[in-house]
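Novice: This is the structure, below, for whatever I ask next.
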Amino acid sequence: MKQSKSMMVLFLTPALVTFATVFIYPIIRTVFMSFYYVKTVTDSFGKWEFVGFGNYGKLMASSMFIQSLKNLGNIWLWGGIGVFLIAILFSMILTSGVKGKSFYRAAIYLPNVVSAIAMATMWIQYAFNSKYGLFFQFFSFLGMDNAAAFQWTSPDNQFYAMLIAYSFGMVGYYVLIFMAGIEKIPSDYYEAAKLEGANMFHQFRHITIPLMTDVFRTSIVMWSISTVAFFIWSQVFSPLDPDVGTIVPMVYMYNLVFGRNLTLTDPTLLNAGAGAAVGVLMTLLVLLTFSMVNLVFRDKKLEF
């Protein structure tokens, strides 16, 4: 027995050391760093200047950071609603016995295989382009000149263009998740509902939705995590300087840590400690969302 425990410790030690080195230590260091002014991440601890909650206070005083939070909230809310509604619609259609389900499922998921940088570039160059883009050609063909002349990538419309492109790329992922949840529901329930005279809407409302509670809960948490980590799309849509319309907390944190200027008047320029504070706040935001989702869906798990 003692020998088996010794062998267990022997084999677990490398994994635990690696886990602590690449996961636990960075978390502790990031939280610790958030209470210091640190000009660059390469500065030794002796160069750190303790500021307490000063970094958090500066973040709350930064109009750019507040705007990044608003943009993040809009992506999470409106993007989430759009993605989930379209995904549940496609998943219902694909699980209704339609022919060629495998082909359609692969086609819908295809955008997730393409890298985010390539997808964002394709949308900007081939869909939103005001001279030869897909939307321009489509509306011009229909004779809708005003719609064809719409400037998708202008500062006023850039956020909505980015949101549409990002949501399009995320639909396929959640279609597969929802399809798996629907296919797990026994077909006997739907057959019994049909015998009782229930139409498609009633079956969806009283059978599909209640029995997919766990799927929805997991999907909301996963959507929240991916939204908080939103970075590449914002960078591609604003490649030169951070734009008020597209900036998100992760881009703001990147600029703080690596010294890319935000605005001349922003109070948190070139401060890796403030960047660490952004990371801590985003982690707390994800944990808060996870707790709220569990609270909302508490005691709603159904067995079947």
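The values are calculated or read from the model by the stated rules, or taken from the named source; none is laboratory data. Fair warning: this is a prediction, and the values are worked out from it, not measured in the lab. Ideal geometry is used to build each Cβ from the backbone, glycine not excepted, and the neighbour counts take in all protein chains shown.
Novice: What about residue 262, is it modelled with pLDDT under 80, under 13 Å from residue 58 (Cβ atoms) and crowded, with 19+ Cβ neighbours inside 10 Å? Steps first, answer last, please.
Specialist: Numbers: modelled with pLDDT under 80: yes; under 13 Å from residue 58 (Cβ atoms): yes; crowded, with 19+ Cβ neighbours inside 10 Å: yes.
For residue 262, the condition - modelled with pLDDT under 80, under 13 Å from residue 58 (Cβ atoms) and crowded, with 19+ Cβ neighbours inside 10 Å - is met.
Novice: For the range 265-294, enumerate the residues that are of a type in the set (Val, Ile, Thr), at pLDDT below 90 and over 17 Å from residue 226 (Cβ atoms).
Specialist: 265, 268
Novice: If you don't mind, there's one more thing I want to ask. Quick one: how many residues across the range 13-43 are among the aliphatic types (A, V, I, L, M), surrounded by 11 or more Cβ atoms within 10 Å (Cβ to Cβ) and over 16 Å from residue 283 (Cβ atoms)?
Specialist: Matching residues across the range 13-43 total 4.
Novice: Here's a check for you: in the range 142-165, which residue that is hydrophobic (A, V, I, L, M, F, W, C) and closer than 24 Å to residue 81 by Cα is modelled with the lowest pLDDT?
Specialist: 152
Novice: Here's something else I'd like to know. Got at least one residue in the range 231-238 being of a type in the set (Gly, Ala, Ser) and farther than 30 Å from residue 95 by Cα?
Specialist: Taking the range 231-238 first, the residues of a type in the set (Gly, Ala, Ser) are 234, 238.
Keeping just the survivors that are farther than 30 Å from residue 95 by Cα gives 234, 238.
Yes, the range 231-238 has at least one match.
Novice: Continuing with the same structure: Hey, can you tell me all the residues within the range 37-84 that are among the aliphatic types (A, V, I, L, M) and part of a loop (DSSP other than H, G, I, E, B)? Spell out how you get there, then give the answer.
Specialist: Taking the range 37-84 and keeping what is among the aliphatic types (A, V, I, L, M), we get 38, 41, 51, 59-61, 64, 66, 69, 72, 75, 77, 81, 83.
Passing the criteria: 38, 41, 51.
Novice: Further, regarding this structure: Any residue that is of a type outside the set (S, T, N, Q), more than 23 Å from residue 91 (Cα to Cα) and outside any helix (DSSP H, G or I) - is there at least one of those in the range 109-123?
Specialist: No, the conditions are met nowhere in the range 109-123.
Novice: For the range 21-34, enumerate the residues that are closer than 18 Å to residue 258 by Cα and out of contact with any helix residue (DSSP H, G or I) (no Cβ under 7 Å at 6 or more places or on another chain).
Specialist: Selection gives 26, 29.
Novice: Can you give me the number of residues within the range 86-114 that are within 21 Å of the chain's Cα centre (by Cα) and exposed (fewer than 11 other Cβ atoms within 10 Å of the Cβ)? Full working, then the answer.
Specialist: Just the residues of the range 86-114 that are within 21 Å of the chain's Cα centre (by Cα), to begin with: 86-91, 108-114.
Those left that are additionally exposed (fewer than 11 other Cβ atoms within 10 Å of the Cβ): 113.
Result for the range 86-114: 1.
Novice: Note down all Cβ pairs under 6 Å where the first residue falls in the range 178-195 and is over 13 Å from residue 212 (Cβ atoms), the second is of a type in the set (Ser, Thr, Tyr) and part of a helix (DSSP H, G or I), and they're at least six residues apart or on different chains.
Specialist: none
Novice: Hey, does the range 228-251 have a residue that's charged (D, E, K, R) and closer than 30 Å to residue 156 by Cβ? Full working, then the answer.
Specialist: First, pick out the residues of the range 228-251 that are charged (D, E, K, R): 241, 243.
From what's left, closer than 30 Å to residue 156 by Cβ: 241, 243.
The answer is yes; a qualifying residue exists.
Novice: Being of a type in the set (Phe, Trp, Tyr), under 14 Å from residue 171 (Cβ atoms) and in contact (Cβ under 8 Å) with a residue 40 or more places away in the chain is true for just one of 104, 109. Which residue is that? Can you show your working first?
Specialist: Details: 104 fails: in contact (Cβ under 8 Å) with a residue 40 or more places away in the chain.
Among 104, 109, only 109 is of a type in the set (Phe, Trp, Tyr), under 14 Å from residue 171 (Cβ atoms) and in contact (Cβ under 8 Å) with a residue 40 or more places away in the chain.
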